[in-house]
């Protein structure tokens with residue numbers, strides 16, 4: 001069974017959380033993409049993961065430490081394909097050998113940073129230099145990550161290159177002699193590339209050059225004719241020898257690259273182990289950075305099947321509000337097995353409370369710190385939501401049909417440890433049947449293993465035994481007529497946000513659903529005559 005389906009992930013904005021956990025290496029990104037919820041029975045492993053994040057908080061808080069780590073991480077490349085090529089007996093290119101050498105130096109640098117700052121190392125975050133391979137790819141001990149097939153690799157290679165250098169010198173000497181001879185005879189300076197350009201108008205010089213044994217025609221333009229030094233037989237012989245040596249050099253370099261590839265393959269386990277350690281360390285540091293960004297706390301993982309959130313905040317909603325110079329009102333809630341109903345007027349934050357419970361639960365079970373003052377959480381097998389428009393174009397279901405399908409799927413799992421979050425139950429059908437269905441579902445869920453949190457606008461849904469009734473405080477603590485002077489036409493939404501109390505409180509089971517809709521309508525400017533009529537209908 002999947003912990004969250006795509007609809008739930010989308011509804012809770014869980015992908016927003018994952019996108020804000022920044023990893024810098026390809027291996028960190030790989031482990032982030034593999035993130036999954038810890039399962040029931042893995043409480044110990046989850047507690048250990050949260051402990052690791054906690055131990056790295058001082059590291060990410062200290063710019064002196066985290067900056068060099070981030071700098072090193074930013075240069076890490078994905079070398080898995082190259083290492084796998086060595087396992088299939090392919091010969092690595094010089095570029096691949098350079099990248100592996102760079103990786104080995106990165107491992108060494110990270111190891112030195114960890115030792116310098118005494119950073120805690122766990123079993124799967126050990127970064128161990130591979131010194132033998134370092135020496136192999138840096139035989140001259142330059143300490144520089146650039147790579148070259150060094151002469152040190154082979155006496156044969158050294159001898160070939162020495163012969164090549166000597167031949168190149170002889171060719172240069174021969175070319176210099178011919179150049180000096182030409183320049184003296186023609187009283188001209190050759191170009192750096194040993195070419196000579198003569199205007200077409202100078203027919204006499206062109207004719208003389210054409211008959212000169214050490215110059216040869218190469219090209220011409222509309223204005224000039226270009227000549228170059230003609231190789232002598234001695235030069236041709238020297239260049240032939242160079243070509244033969246080049247072939248031998250390439251063959252010897254290929255043999256050396258084959259040897260190096262085989263040596264790298266022999267140490268593949270050590271390389272893969274360091275890749276894994278870098279990826280896990282990168283991800284843990286990313287989690288720790290995000291914990292600081294959201295002012296998060298380590299959730300307390302408990303065996304009991306309950307959720308306790310004190311002053312929880314929904315990160316994305318909070319960020320959106322801040323952009324509008326508004327603040328998120330922290331929400332506290334305690335949930336246990338059975339049904340809990342939230343009542344309150346529209347715009348009172350009931351839906352946000354649902355999303356917050358689901359999101360923080362998911363974050364805790366994925367091994368993340370949560371944006372709250374405190375949180376206690378017992379692991380669940382799944383989280384399922386019915387929030388927003390559940391209409392399905394693919395299956396032809398209406399909003400009500402889509403909602404009931406989701407609720408039915410969760411109810412079929414009612415004897416499993418899970419969380420179901422339902423917003424405005426049965427809102428997609430007529431009030432009379434909607435009320436009956438809502439009350440029946442709450443009645444069924446109140447004795448099940450599920451932690452069920454539902455919002456409703458119907459009265460008397462939460463008046464059943466063993467059903468917890470929570471209510472949004474809303475506008476209940478203010479007298480709307482006292483705000484007359486504040487009701488500026490352009491600031492009606494600001495007034496609602498200013499005075500709306502989004503906190504939850506436990507109320508008596510038979511407490512009526514708040515009638516804040518009238519107050520909101522009054523703030524938004526609905527004619528007072530209409531409001532008076534509405535109040536008479538409510539009274540009757």
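Dividing the Cα radius of gyration of region 155-235 by its Kirkwood radius returns 1.12 for Rg/Rh.
Each semi-axis of the equivalent ellipsoid for region 203-348 is √(5λ) with λ an eigenvalue of the Cα gyration tensor; in descending order they amount to 81, 31, 10 Å. Neighbour counts of C-beta atoms inside 10 Å place 356, 292 in the sequence 292, 356, starting with the fewest.
Divide the volume of the convex hull around the Cα atoms of the chain by the residue count and you get 286 Å³ per residue. Set the Cα radius of gyration of region 288-349 against 2.2 N^0.38 Å, with N its number of residues, and you get 1.36.
Sorted by packing (mean other beta-carbon atoms within 10 Å per residue), highest first, where do 357-365, 184-192, 170-178 land? Don't jump to the answer; show the numbers that get you there.
On the way: 357-365: 26.2, 184-192: 11.2, 170-178: 14.0.
Result, highest mean Cβ count within 10 Å first: 357-365, 170-178, 184-192.
Relative to the compact-globule estimate of 2.2 N^0.38 Å, the Cα radius of gyration of region 1-143 comes out at 1.29.
Give the dimensionless ratio obtained when the Cα radius of gyration of region 30-100 is divided by 2.2 N^0.38 Å.
Scaled against compact globular proteins, the figure is 1.63.
Considering only beta bridges that DSSP places wholly inside the chain, some 50 percent are antiparallel. Can you tell me the orientation of helix 94-116 relative to the chain, as the angle in degrees between its alpha-carbon axis and the longest Cα principal axis, to the nearest 10? Value to nearest ten degrees: 50. For residue 176 and residue 246, a Förster radius of 25 Å and the Cβ-Cβ distance give a FRET efficiency of 0.65, rounded to the nearest 0.05.
Listed by Cβ neighbour count within 10 Å, with the fewest neighbours leading, 60, 468 appear as 468, 60.
Sorted from largest to smallest, which semi-axis lengths in Å does the alpha carbon gyration tensor of region 83-233 give for its equivalent ellipsoid, taking the root of 5 times each eigenvalue?
Details: eigenvalues 650, 66, 45 Å².
Listed largest to smallest, the semi-axes of region 83-233 are 57, 18, 15 Å.
Helix 268-293 and the longest principal axis of the Cα set of the chain meet at an angle near 40°. Specify the angular offset, from 0 to 90 degrees and rounded to the nearest 10, of the alpha carbon long axis of helix 43-61 from the longest principal axis of the alpha carbons in the chain. Value to nearest ten degrees: 60.
Taken together, the values in this text are just the output of simple stated rules run on the coordinates, not laboratory data. Just so we're clear, the structure is a prediction, and the values are computed from it rather than from any experiment. Note: ideal-geometry Cβ built from the backbone for every residue, glycine included; neighbour counts use all protein chains shown.
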